[in-house]
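These notes concern the structure reproduced below.
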Amino acid sequence: MKLTSDLEKPFYTAVGPLVGWLIRSGVRPNTITTIGTGLVLISAVVYASGHIRIGGLLLLLSGVADTLDGQVARGGAMVTRFGAFYDSTLDRVGDGATFIGIGAFLLTAPDVAYRTPAVILCMVAILGSVLVSYARARAEGLGLDCKVGIAQRAERVLGLGLASLVFGAGRHALLLETIVGLLAIASIITVVQRFVYVHKHAGQLDQARRTEDARQREEIKTQSEIKPPAEVKRPILDPLAKGS
């Protein structure tokens, strides 16, 4: 179960009029994706400069754009393979940039508690977010819809952005460090959940494939037994060939 699953329906209902306006205005989904990535990159720079609340606000706005591009693509019949690739790739850029910006802040800001461990946590969070997305993409390449886990991108953006906007970095940046640590742990848990999911369902697909292969082999064997053997045409012997 996703942590934001209960919020999805009300959110999509609220942004429905905006999605309709974007479709009628001819705005392309890739344009929205680009704008959203621009917002998250600016957010990373703002985080690095120490303006944590503004960085959180920009991160939340980028998350809204990230949901709008998919809604516009589906609602306006503009879904393309390149669009899906473009959106997924830029999402990874955004994930990495956010934690790089936070890491730069923790590395350079004065009066930061546990500076070195906090920066390492940012690195772990980057690795975790990349593995979460890679596990899903690889599973989909195997024919599995792997959208399981407690901390997908929406949860990471909402948790980090909202906490940053409301509370800032906290005293000695401890609150921000705690949020990054929790997101890193949640990402690792999500990767494990996806490993378990793929291990379970991939085995079922493999068994189904083996059963189908066995059925096809049996069918071919049965057909070969029923079909009469082809008549062998014997060559006409030339008596001169024997020298007679």
Residues being basic (Lys, Arg) and exposed (fewer than 14 other Cβ atoms within 10 Å of the Cβ) - total across region 183-207: 1
What number of residues within region 90-120 are more than 17 Å from residue 161 (Cα to Cα) and either open to solvent by 60 Å² or more (accessible area, probe 1.4 Å) or modelled with pLDDT under 90 (or both)? 9
Which ones in region 1-10 are modelled with pLDDT under 80 and either aliphatic (A, V, I, L, M) or assigned to a helix (DSSP H, G or I) (or both)? 1, 3, 5, 6, 7, 8, 9
Check 13, 33 and return the single one that is β-branched (Val, Ile, Thr) and either part of a loop (DSSP other than H, G, I, E, B) or under 21 Å from the mean Cα position of the chain (by Cα) (or both). 33
State whether the residues of region 150-157 include one that is of a type in the set (Asp, Glu), surrounded by 14 or more Cβ atoms within 10 Å (Cβ to Cβ) and modelled with pLDDT under 95. yes
Take region 152-185 and flag every residue that is polar (S, T, N, Q) and touching a residue at least 12 places away in the same chain (Cβ under 8 Å). 152, 164
Restricting attention to region 41-63, the residues that are within 16 Å of residue 163 (Cα to Cα) and either in a helix (DSSP H, G or I) or within 18 Å of the chain's Cα centre (by Cα) (or both) number exactly 16
Among the residues of region 35-59, which ones are surrounded by fewer than 18 Cβ atoms within 10 Å (Cβ to Cβ) and under 15 Å from residue 91 (Cβ atoms)? 35, 38
In region 64-84, which residues are more than 18 Å from the chain's Cα centre (by Cα) and without any contact (Cβ under 8 Å) to a residue 12 or more places away in the chain? 77
I'd like to know if region 167-179 contains one or more residues that are in contact with a Pro (Cβ under 9 Å, 6 or more places away or on another chain), more than 27 Å from residue 84 (Cβ to Cβ) and either assigned to a helix (DSSP H, G or I) or not acidic (Asp, Glu) (or both). yes
Is it the case that some residue within region 85-95 is touching a residue at least 40 places away in the same chain (Cβ under 8 Å), outside any helix (DSSP H, G or I), more than 30 Å from residue 209 (Cα to Cα) and not hydroxyl-bearing (Ser, Thr, Tyr)? no
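Out of all the residues in region 96-119, is one or more acidic (Asp, Glu), in contact with a helix residue (DSSP H, G or I) (Cβ under 8 Å, 6 or more places away or on another chain) and outside any helix (DSSP H, G or I)?
Looking for residues that are acidic (Asp, Glu), in contact with a helix residue (DSSP H, G or I) (Cβ under 8 Å, 6 or more places away or on another chain) and outside any helix (DSSP H, G or I), one finds at least one in region 96-119, hence yes.
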Considering each of 32, 23 in turn, give the residue that is buried (at least 21 other Cβ atoms within 10 Å of the Cβ), of a type in the set (Val, Ile, Thr) and modelled with pLDDT under 95. 32
Among the residues of region 163-182, which ones are open to solvent by 70 Å² or more (accessible area, probe 1.4 Å) and within 23 Å of the chain's Cα centre (by Cα)? 182
When you go through (1) surrounded by fewer than 17 Cβ atoms within 10 Å (Cβ to Cβ); (2) closer than 16 Å to residue 176 by Cα one by one for residue 82, which number turns out not to apply? (2)
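The values are calculated or read from the model by the stated rules, or taken from the named source; none is laboratory data. These numbers were taken from a predicted model, which means no experiment stands behind them. Glycine gets a Cβ as well: all are built from the backbone with ideal geometry, and neighbour counts include every protein chain shown. In case anyone asks, the SASA skips ligands and DNA or RNA and just uses the protein heavy atoms, side chains included. Shrake-Rupley method; radii C 1.70, N 1.55, O 1.52, S 1.80 Å.
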